[in-house]
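Where a number appears in this text, it was derived from the coordinates with a stated rule and is not lab data. As the structure is a computational prediction, the values presented were derived from the model and not from experiment. Heads up, the Cβs are rebuilt from the backbone with ideal geometry, glycines too, and the neighbour counts pull from every protein chain shown.
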Amino acid sequence: MPPAPSSNSSRVSLRDVARAVGVSHVAISLALRGDARISEKRRAEIKLAAERLGYRPDPMLSSLAAYRRTKQSVRGIPRFCRRILVEGQWIDGTSLPPRSGAESSVAV
C-alpha cells in the first residue's frame, strides 16, 4: 500500500514521492524533468513511484514558476547578464543613472 499523502492535503506532492523513494524532493523534481544529473535507472524508479502514487504537477504552481521565469529579465536581458563594467567597476545594470542629451532616446 502506498504511503498516505501529506496530512494537510489530499494531493500527492513531490515530498510524498520523495519519502516513498527515499531521496530528496529536489531529486524527484530533477528526475521528473529528465535532468541528466539523475541516472536513467533512478529516473525510471522515480517516475514509476510517482505514477503509482498518483502524482500530478499542481497547475497553479506550474503557472507561478512559468511566470517567475518570464519576470527574471529586465529589458530582455537575462538576470545573470545585468552587471556591466563601467569605468573599471562592475555595477548593476538596472540601477544606471538616466541618460542625458541625445543619448537618452537610445533604447537599451
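Could I have the simple spin-label model distance between Tyr67 and Lys41, label points 7 Å from Cα toward Cβ, reported in nm to one decimal?
Between Tyr67 and Lys41, the simple spin-label model gives 4.2 nm.
Once amide H atoms are built 1.01 Å from N in the peptide plane, which residues 5 or more positions from Ile38, or in another chain, come under 5 Å H to H?
Residues meeting the amide H criterion: none.
Taking amide hydrogens as modeled 1.01 Å from N in the peptide plane, which residues meet the under 5 Å criterion relative to Ser13, leaving out close sequence neighbours?
Distant-sequence amide H within range of Ser13: Ser6.
Under 12 Å from the Cβ of Leu48, count the other residues' Cβ atoms, weight Lys and Arg +1, Asp and Glu -1, and hand me the total. Could you put the intermediate results ahead of the total?
Details: positive: Lys41, Arg42, Arg43, Lys47, Arg52; negative: Glu45, Glu51.
With Lys, Arg at +1 and Asp, Glu at -1, the neighbours total +3.
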